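The structure appears below as structure tokens.
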Amino acid sequence: MSVDEATTLIERAVAARATPRDVPSPCITVCRMEAGSGFCEGCLRTIDEIAAWRTMDDAARRSVWRAIELRAAAGFLVSTEHKP
């Protein structure tokens, strides 16, 4: 499964971590930082991870994707439909 074919953030993370080079960005253009968690509501990255993404090598990008996968599995991703 490619990153483009994956439907959930966890699936996208698994696919991205399997990418041998040119690891894709997790950005889905929903760029809002959630005050409580400090994660972007769209991609579950921290502001530091977002800022550093362009200068990261593929290994570092895979590490960020793994962190995203763990954050999503822990329930940090909440649909905006469920927010007041």
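Only the coordinates and a few stated rules stand behind these numbers; no lab work does. Values in this document were obtained by computation on a predicted structure and should not be read as measured data. Every residue, glycine as well, gets a Cβ built from its backbone with ideal geometry; the counts of neighbours run over all protein chains shown.
Sorting the segments 32-42, 57-67 by their residues' average number of neighbouring beta-carbon atoms within 10 angstrom, most packed first, yields 57-67, 32-42. With a simple spin-label model that places each label point 7 Å from the Cα along the Cα-to-Cβ direction, the separation between GLU34 and LEU70 comes to 1.7 nm.
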